[in-house]
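Worksheet: one structure, shown below.
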């Protein structure tokens, strides 16, 4: 039996802390200090928002996580909600609101503006009133707060402007009326975000593809997870020399691809797939080589006879 319908534009509503939300925050590996700064910014708002509202330059309750795909933005956004909820649990629960920005674009003039105004002015405040703290997560916010200065006249710029205006006005109203509410948003294209939206950010974190040290840590962590299921892999999971050697060969890989390296190596042959305890450094290196070859090899040309 299905539950009550969610408000328009809301993908999910969760009460935190919750055990099934544990894991992502600890699993994501970032350069030193990044997670601490994100969590600190969220906690400052959740714990002291009402007091800081009297400042001449108050918090807007907006954290922007920017960077290419695979850098952990969504995991960080979801994870910090749980981490913050755990930190403030003694003061009450936290509502996590997951927004789907793609639910709002419309060909009807003004429809996006009305829907966004309703979301920001009615739905979010109503949800925030349920519990002492609220974290609103918006993925791919570039489709939600479009940069007005570069809007094309071929794509209904009037509605784009009005929709972005509604986002900004709604965020300002939410910051004023809900001082313990935080928006944590992600974007693959920070340059596509409206300048006024960016200026409201209490924190803008630009995540990049992992460096060699971070890549080594991700590979080690992924192998350690596998070793929990196949203990014979413990030695491989603890071999820092192997991890760094693999990291040096994976320049340009994102975190998602790095975590799949071991799984890809296991799947290379039916024998290792049947018994992953047979995974070794050579199989991992072979998987890196095959991935590099696949990326560098152009698709084969098809002859006219093949086309017919």
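So here's what we get for this one:
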read-out: Residue check for residue 95: outside any helix (DSSP H, G or I), in contact (Cβ under 8 Å) with a residue 40 or more places away in the chain and farther than 30 Å from residue 210 by Cα; value: yes
read-out: Identity of the residue in segment 118-155, over 17 Å from the mean Cα position of the chain (by Cα), modelled with pLDDT of 85 or more and outside any helix (DSSP H, G or I), that ends up farthest from residue 104 (Cα to Cα); value: 132
read-out: Filtered residue count, segment 90-115, keeping only those that are surrounded by fewer than 17 Cβ atoms within 10 Å (Cβ to Cβ), touching a helix residue (DSSP H, G or I) at 6+ places or on another chain (Cβ under 7 Å) and either at pLDDT below 80 or outside the structural domain of residue 14 (by TED's automatic domain parsing) (or both); value: 3
read-out: Which listed residue is at pLDDT below 95, under 24 Å from residue 130 (Cβ atoms) and over 17 Å from the mean Cα position of the chain (by Cα), from 4, 24; value: 4
read-out: Residue that is crowded, with 19+ Cβ neighbours inside 10 Å, more than 28 Å from the chain's Cα centre (by Cα), more than 30 Å from residue 49 (Cβ to Cβ) and outside the structural domain of residue 44 (by TED's automatic domain parsing), where the choices are 258, 223, 236; value: 236
read-out: Criterion: under 13 Å from residue 62 (Cβ atoms), touching a strand residue (DSSP E or B) at 6+ places or on another chain (Cβ under 9 Å) and part of a loop (DSSP other than H, G, I, E, B) - qualifying residue of 201, 174; value: 201
read-out: Count of segment 124-150 residues which are over 16 Å from residue 188 (Cβ atoms) and surrounded by 19 or more Cβ atoms within 10 Å (Cβ to Cβ); value: 7
read-out: Criterion (under 22 Å from residue 195 (Cβ atoms), in contact with a helix residue (DSSP H, G or I) (Cβ under 8 Å, 6 or more places away or on another chain) and surrounded by 13 or more Cβ atoms within 10 Å (Cβ to Cβ)) met by exactly one of 47, 59, 43; value: 59
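Table: residues versus (1) surrounded by fewer than 21 Cβ atoms within 10 Å (Cβ to Cβ); (2) farther than 25 Å from residue 254 by Cβ; (3) not assigned by TED's automatic domain parsing to the domain that holds residue 235.
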site: 163; (1), (2), (3): no, yes, yes
site: 168; (1), (2), (3): yes, yes, yes
site: 188; (1), (2), (3): yes, no, yes
site: 192; (1), (2), (3): yes, no, yes
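One line per residue, one yes/no per condition, for (1) assigned to a loop (DSSP other than H, G, I, E, B); (2) within 12 Å of the chain's Cα centre (by Cα); (3) touching a residue at least 12 places away in the same chain (Cβ under 8 Å):
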position: 50; (1), (2), (3): no, no, yes
position: 60; (1), (2), (3): yes, no, yes
position: 65; (1), (2), (3): no, yes, yes
position: 78; (1), (2), (3): no, yes, yes
position: 82; (1), (2), (3): no, no, yes
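The values are calculated or read from the model by the stated rules, or taken from the named source; none is laboratory data. Note that this is a predicted model, so its numbers are computed, not measured. Neighbour counts are summed over all protein chains in view; Cβ atoms, including those assigned to glycine, are modelled from backbone coordinates with ideal geometry.
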